[in-house]
């Protein structure tokens with residue numbers, strides 16, 4: 001009986017979804033940022049999720065998770081979106097190129113909002129999973145009364 | 001086991017069920033954790049059939065592969081060996097990123113697993129309560 005494994009798995013998902021949420025917030029916040037430290041407009045960032053076995057020794061149930069092939073999730077990379085920047089004709093803008101076009105970040109607000117809803121829904125689902133594991137573990141403790 | 005007579009198969013069976021349901025919970029948690037991971041195929045732990053088979057085997061302890069083998073007594077032996085099978089869930093609609101997790105069905109399976117787990121704990125508690133009453137001789 002090991003509920004800490006399932007709780008650990010759900011916890012990795014919560015952390016991953018939070019990272020994604022941070023990136024979405026960052027994308028939305030910088031939807032009009034034309035200057036960055038690296039130069040050029042801000043580039044949209046996205047998290048790459050990878051299913052990984054729980055780290056060895058992360059918990060007592062790590063061996064079990066290997067046996068059942070239950071896998072946690074990890075953000076393995078934060079990728080910059082390769083799509084070209086959005087060009088907008090604004091000759092008066094200080095960052096306008098000689099032709100009068102300003103390179104704005106390649107961010108689609110609607111896309112970010114949709115991503116945000118998915119991230120928050122899966123965060124909720126994983127909270128529910130944690131609650132389920134917790135209530136099952138507590139139920140077992142009732143046997144000792 | 002000298003106390004085999006008292007506990008019978010019930011405690012063994014319920015204990016094994018709890019163990020498998022806990023494992024199933026971590027498999028479902030894993031599917032939920034990877035609901036956004038590209039290329040992830042969800043799996044499920046199926047064991048009810050195996051448990052049934054193990055109980056049947058226990059009912060006929062003479063079922064030995066060789067006549068000179070010593071028959072193992074009781075269902076507990078075969079129950080102990082039940083592991084459950086990890087099966088891949090083939091969802092009806094797989095997303096374009098190759099992720100096959102269906103949030104709704106995973107939540108449904110998790111709720112079912114949780115309820116069945118709690119019911120099993122309840123059964124186990126009742127069993128122990130009955131034993132306690134028998135020992136005390138009070139009703």
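The values are calculated or read from the model by the stated rules, or taken from the named source; none is laboratory data. As the structure is a prediction and not an experimental result, all values here were calculated from the model. Every residue, glycine among them, receives a Cβ derived from its backbone with ideal geometry; neighbour counts consider all protein chains shown.
Which one is farthest from residue A:70 (Cα to Cα) among residues in region B:30-52 that are assigned to a helix (DSSP H, G or I) and touching a residue at least 60 places away in the same chain (Cβ under 8 Å)? Ranking the candidates gives B:32 first.
The set of residues in region B:95-104 that are surrounded by 10 or more Cβ atoms within 10 Å (Cβ to Cβ) and at pLDDT below 85 comprises B:95, B:97, B:98.
Going by what's in this entry, would residue B:68 be described as surrounded by 12 or more Cβ atoms within 10 Å (Cβ to Cβ) and either farther than 19 Å from residue A:71 by Cβ or modelled with pLDDT of 80 or more (or both)? For residue B:68, the condition - surrounded by 12 or more Cβ atoms within 10 Å (Cβ to Cβ) and either farther than 19 Å from residue A:71 by Cβ or modelled with pLDDT of 80 or more (or both) - is not met. Annotation note: of B:92, B:78, B:30, the sole residue that is touching a helix residue (DSSP H, G or I) at 6+ places or on another chain (Cβ under 6 Å) and at pLDDT below 85 is B:78.
Within region A:90-145, the set of residues being in contact with a strand residue (DSSP E or B) (Cβ under 6 Å, 6 or more places away or on another chain) and more than 30 Å from residue A:17 (Cα to Cα) comprises A:90, A:93, A:95, A:96, A:100, A:101, A:102.
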